[in-house]
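The structure appears below as structure tokens.
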Ligand code: UD1
């Protein structure tokens, strides 16, 4: 089992290139199922979650060739031989549920394992299923599987009780081959939805309103293969922005879309961190004044992203004064706080709120990456803690960060991956 060993590091400096967005790649790969023609997707980082999705596509009958060095995948779904998601890991990867919409669209039915619970919350899929049902799809659940029969699928209105990212994507995929119009109300407005909409539009789907709460989709009977470059990962970018802030650094991030980073930038600026848009998809993040505590509430986009909450908790743990974080998206997304407390952080949790009193000194400890973003938060805290921080269960971190230790090392961080 590998661990990350992180030591107190100097202020980070230099440049880092941000990878393609994990949360964009997964639905786009599922979207390849919608056409018999070849799709070429570039800027695809070889993350564990991406590998699981490739395995799922292959088992459905797709031909997939991944040039890891060039970060380019070609997917051809001419011969989809199965409507059953059978990959061993499918139930483990929640995003694999996204294949359901694409299979309903392409072959009119799907049998998908019910995704299990997740450390950060129960994460049900009721909104996905209700959405499909509003489109005339019949749903049955049996022995841990969901069976969808889309033989009577039609367009119409789908209202989501909550702007779920995954449910919005699933409905978009299910409606892409329908000539009727489907309207998703109270849709998610996350940038990843816009990236999926761009990909589907290139294939021949007419989409209006992506990035707002109402998305109109008019599909086509046949979609074509396309080339698509995945948007930069705004959460990886946010994590490096915090890495610069927490170490008092001065770094340049390349391959970012500043607009996507607005909620994170706003909170960093409020905390006295300087963020400069250099143009050409580059930003500079640096510290020149004493940092100030801030209050954060996670919200759907354009609110502050829940996926950046743990990293900010690390930053706030070392800023003198009292900060608060309120988590409104997931019911149990503070598990990393317990590990941070073991390193000397002063964090009190009360239901969905955390009160953080900044401390002057933290001490490295043996901690566990309880989940993907919580694990990233622990790396950040390790960069400013005395002695060594040994982080176990780093597969959780590697689900969503490509080469994180090499990228951090390139900026001067003291981090090693020990096998
Ligand atoms: C996606 C992201 C994840 C991010 C999250 C919120 C991917 C692969 N993952 O996850 O990194 O943290 O958006 O920005 O893109 N919910 C229900 N019923 C449903 C669906 C969701 O109650 O059918 C609840 C969830 O339990 C959660 C909230 O809605 O409390 C938001 O979930 P959702 O937006 O669906 O997140 P994901 O798409 O799973």
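Computed from the coordinates by the stated procedures, all read-outs in this text should not be read as laboratory data. These figures come from a predicted structure and were not determined experimentally.
Return the calculated 222 nm mean residue ellipticity for the chain, to the nearest 500 deg cm²/dmol, obtained by summing -39500 (n - 2.57) across DSSP H runs with n ≥ 4 and dividing by the residue count.
-8500 deg cm²/dmol
By how many degrees, 0 to 90 and rounded to 10, does the Cα axis of helix 22-31 deviate from the longest principal axis of the chain?
Taking the Cα atoms of the chain, the angle to 22-31 is about 10 degrees.
Calculate how many DSSP beta bridges within the chain are antiparallel, expressed in % of all such bridges and rounded to the nearest 5. Walk me through the intermediate numbers first.
Details: 60 of 82 bridges.
Percentage antiparallel, nearest 5: 75.
Consider all pairwise Cα distances in the range 349-404 and report the whole-number % of them above 14 Å.
Details: 906 of 1540 pairs.
Within the range 349-404, distances greater than 14 Å cover 59 percent of Cα pairs.
Quick check: convex hull over the Cα atoms of the range 175-220, volume per residue in Å³, rounded to an integer?
Working: hull volume 2.3 nm³, N = 46.
Convex hull volume per residue, Cα atoms: 50 Å³.
For helix 48-60, report the angle its Cα long axis makes with the longest principal axis of the Cα atoms of the chain; keep it between 0 and 90° and round to the nearest 10°.
Long axis of 48-60 versus the principal axis of the chain: about 10 degrees.
Over the chain, calculate the relative contact order: mean separation of alpha carbon pairs under 8 Å at least 6 apart, over the residue count, as a percent. Intermediate results must be reported in sequence, preceding the final value.
Numbers: 1041 pairs, mean separation 86.2, N = 419.
With pairs under 8 Å counted, the relative contact order is 21 percent.
Convex hull volume of the Cα atoms in the range 207-364, per residue, in Å³?
Numbers: hull volume 22.9 nm³, N = 158.
Per-residue hull volume (Cα only) is 145 Å³.
Roughly how tilted is helix 234-246, in degrees to the nearest 10 and between 0 and 90, from the longest Cα axis of the chain?
0
Would you compute the Debye intensity of the range 225-277 from its alpha-carbon atoms alone, equal scatterers and no solvent, and pass along log10 I(q)/I(0) at q = 0.21, 0.26 Å⁻¹ to two decimals?
The computed values of log10 I(q)/I(0) come out as -0.73, -1.07.
Please list the equivalent ellipsoid semi-axes of the range 158-268, computed as the square roots of five times the alpha-carbon gyration tensor eigenvalues, in descending order and whole angstrom.
On the way: eigenvalues 210, 53, 15 Å².
After diagonalising the Cα gyration tensor, the semi-axes are 32, 16, 9 Å.
Stick to Cα atoms and the Kirkwood definition of Rh, then tell me Rg/Rh for the range 59-172.
Rg/Rh for the range 59-172 comes to 0.98.
Rounded if a/c is under 1.5, else prolate if a/b is larger than b/c, else oblate: which is the range 108-154, with a ≥ b ≥ c the root eigenvalues of its Cα gyration tensor?
Details: a/c = 3.37, a/b = 1.77, b/c = 1.91.
Because a/c hits 1.5 or more and a/b fails to exceed b/c, the range 108-154 counts as oblate.
Would you mind calculating the relative contact order of the range 138-293 from Cα pairs under 8 angstrom and at least 6 residues apart, reporting the percent as a whole number? Kindly include the intermediate steps, with their values, before the conclusion.
Values: 258 pairs, mean separation 24.4, N = 156.
Once normalised by length, the contact order is 16 percent.
With an 8 Å Cα cut-off and a minimum separation of 6 or more residues, compute the relative contact order for the range 121-168 in percent. Present the calculation step by step, with values, prior to reporting the outcome.
Numbers: 46 pairs, mean separation 19.8, N = 48.
Result for the range 121-168 is 41 percent.
Using the Cα gyration tensor of the range 1-125, with a ≥ b ≥ c the square roots of its eigenvalues, what is the shape: rounded (a/c below 1.5), prolate (a/b larger than b/c) or oblate (neither)?
Working: a/c = 2.54, a/b = 1.51, b/c = 1.68.
Because a/c hits 1.5 or more and a/b fails to exceed b/c, the range 1-125 counts as oblate.
Please report, for the Cα atoms of the range 24-89, the Rg to one decimal and the Dmax as a whole number; what are they, in angstrom?
That works out to 10.9, 31 Å for Rg and Dmax.
What are the radius of gyration and Dmax of the chain, computed over its Cα atoms and given in Å?
21.3, 62
Relative to the compact globular guide of 2.2 N^0.38 Å, what is the alpha carbon radius of gyration of the range 109-188, as a ratio? Before the final figure, lay out the partial values.
Working: Rg = 12.6 Å, N = 80, 2.2 N^0.38 = 11.6 Å.
Normalised by 2.2 N^0.38 Å, the Cα Rg of the range 109-188 equals 1.08.
Using just the alpha carbons, could you tell me how many Å³ per residue the convex hull of the range 317-419 encloses? Provide the component values of the computation, followed by the final result.
Numbers: hull volume 10.5 nm³, N = 103.
Spelled out: Cα convex hull of the range 317-419, divided by residues, is 102 Å³.
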